[in-house]
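The values are calculated or read from the model by the stated rules, or taken from the named source; none is laboratory data. Being a predicted model, the structure only gives us computed values, none of them experimental. Counting neighbours? That spans all protein chains shown, and the Cβs are built from the backbone with ideal geometry, glycine included. Side chains are part of the model used for accessible areas, which takes the heavy atoms of the whole protein and leaves out ligands, DNA and RNA. Shrake-Rupley method; radii C 1.70, N 1.55, O 1.52, S 1.80 Å.
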Amino acid sequence: MLRWLRNRFLTGVVVAAPIGITFWLIYSFVTFVDQVIKPLVPARYNPESYLPFAIPGMGLLIAVLGLTLLGALAANIFGRSLLDLGERVLNSVPLIRNIYAALKQIVETVFQGQQNSFKEVVLVEYPMAGSYAVAFVASTGRGVIRSVVGKGDDVIGVFIPTTPNPTSGFLLFVPRSKAIALDLTVEEAAKLIISFGMVTPDRLPDGAIPQAEPGKAGAGLMPDDAQGGDAPESADPDSPKP
């Protein structure tokens, strides 16, 4: 009975934990945005000033509308002129211009970057020969990096995330020939890293022959045996050898 209760309790935890953590993260994000955006809205334009209750997510909605309007403004000539003027002002300040330029380049790379960035999963030897780490192809090595690392061959920049926090990691430049492509999506590789390797995709690459797990029927059979072929007759020691 105690074992049954323990197993059912752990099953309930496994079912409830992902749901609870997901809702908690959403609630925390919405609450944080509301606390930042709502104080910036004048009271006369805030609907909560005329209602006897607070509206959850109002700050997030205002932020989405504001960013949409900003994007629409930046898409026309007048908006681009204002942005160019603002950038010239920022570029005139010695310290701020360096920070702004670096942040702008990072954001543009993430949202408008190369089409192949973080869409390919590979294995690279790290941190020593013979051990492999899961990595994401982030960029293509050019210029001096390609000439030094690849000696003229193709070079890729790979991001090796850490476990269980994939937002931090290491950037390595390796020759394309040294990277082993994996038939995994970015989402599957991220689950593999976050779960300490416990969540592994069950599917196999095309053309691979699935092998039975130890202890199950069919384990250790050759492909012909697994397809139901006749088992070879036992050899007679007195029979002549071919």
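Yes/no matrix, rows are residues, columns are (1) at pLDDT below 85; (2) open to solvent by less than 70 Å² (accessible area, probe 1.4 Å); (3) in contact with a strand residue (DSSP E or B) (Cβ under 8 Å, 6 or more places away or on another chain); (4) over 30 Å from F159 (Cβ atoms):
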residue	(1), (2), (3), (4)
L25	no, no, no, no
F32	no, no, no, no
E48	yes, yes, no, yes
V64	no, no, no, no
F78	yes, no, no, yes
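Condition check ((1) assigned to a strand (DSSP E or B); (2) surrounded by 13 or more Cβ atoms within 10 Å (Cβ to Cβ); (3) at pLDDT 85 or above) across all residues:
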{"position": "F136", "(1), (2), (3)": "yes, yes, yes"}
{"position": "G152", "(1), (2), (3)": "no, no, no"}
{"position": "I160", "(1), (2), (3)": "yes, yes, yes"}
{"position": "T167", "(1), (2), (3)": "no, no, no"}
{"position": "L171", "(1), (2), (3)": "yes, no, yes"}
{"position": "V174", "(1), (2), (3)": "yes, yes, yes"}
{"position": "D183", "(1), (2), (3)": "no, no, yes"}
{"position": "K191", "(1), (2), (3)": "no, yes, yes"}
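Being aliphatic (A, V, I, L, M), more than 30 Å from S195 (Cβ to Cβ), modelled with pLDDT of 85 or more and open to solvent by 60 Å² or more (accessible area, probe 1.4 Å): is that true of V89 here? Yes.
The condition (being open to solvent by 90 Å² or more (accessible area, probe 1.4 Å), at pLDDT below 85, hydrophobic (A, V, I, L, M, F, W, C) and in contact with a Phe, Trp or Tyr (Cβ under 7 Å, 6 or more places away or on another chain)) is satisfied by just one residue among F111, F118: F118.
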